[in-house]
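Accompanying notes for the structure given below.
Laboratory data are not the source of any read-out in this text; all were calculated from the coordinates shown. It should be emphasised that the depicted structure is a prediction, and the values quoted were computed from it without experimental measurement. Cβ atoms come from the backbone with ideal geometry, glycine included; neighbour counts cover every protein chain shown.
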């Protein structure tokens with residue numbers, strides 16, 4: 001009984017040492033990601049605009065993902081003009097993210113991966129639209145692919161230029 005009590009006391013003490021309250025400084029990044037989910041789009045946009053370097057790249061891509069989700073919802077509701085406006089905003093913030101990552105030299109690979117995922121998702125959304133409504137989304141996908149290609153060349157030189165679409 002005494003041994004069991006001591007083991008439980010040790011477990012509780014160790015659990016207390018590993019709690020977010022005692023190691024709060026180490027979890028700031030996790031908290032900011034969690035807060036990003038609860039922030040409004042305008043707050044996230046303001047944070048992305050105010051940030052710099054690698055942090056700006058992350059925030060811009062998070063905002064772009066959110067705007068792409070909003071665009072998808074608008075397209076599903078039949079509001080093509082607003083959806084196209086959101087797509088334009090996605091491209092603008094993808095460009096801003098790539099520029100921030102490239103200028104700072106930080107988060108280049110993560111930005112490239114996120115741009116690829118963003119382009120894939122945008123392509124899928126475009127394919128769900130009526131044929132006559134796809135062209136602006138296709139152009140936006142091509143623009144994001146070009147941004148991604150430029151970022152790859154920045155990371156690995158001209159030999160990294162993609163030969164064809166993946």
- request: Kindly put 102, 42 in sequence by how many other C-beta atoms sit within 10 Å of each C-beta, fewest to most.
  value: 42, 102
query: Classify the stretch 31-160: rounded, prolate or oblate, from the alpha-carbon gyration tensor (a ≥ b ≥ c, eigenvalue square roots; a/c under 1.5 rounded; otherwise prolate if a/b is larger than b/c)?
result: oblate
- request: Give me the distance in nm between label points sitting 7 Å out from Cα along the Cα-to-Cβ direction at residue 155 and residue 124, one decimal.
  value: 2.1
field: Distance (nanometres) between label positions extended 7 Å along Cα→Cβ at residue 79 and residue 109
entry: 4.0
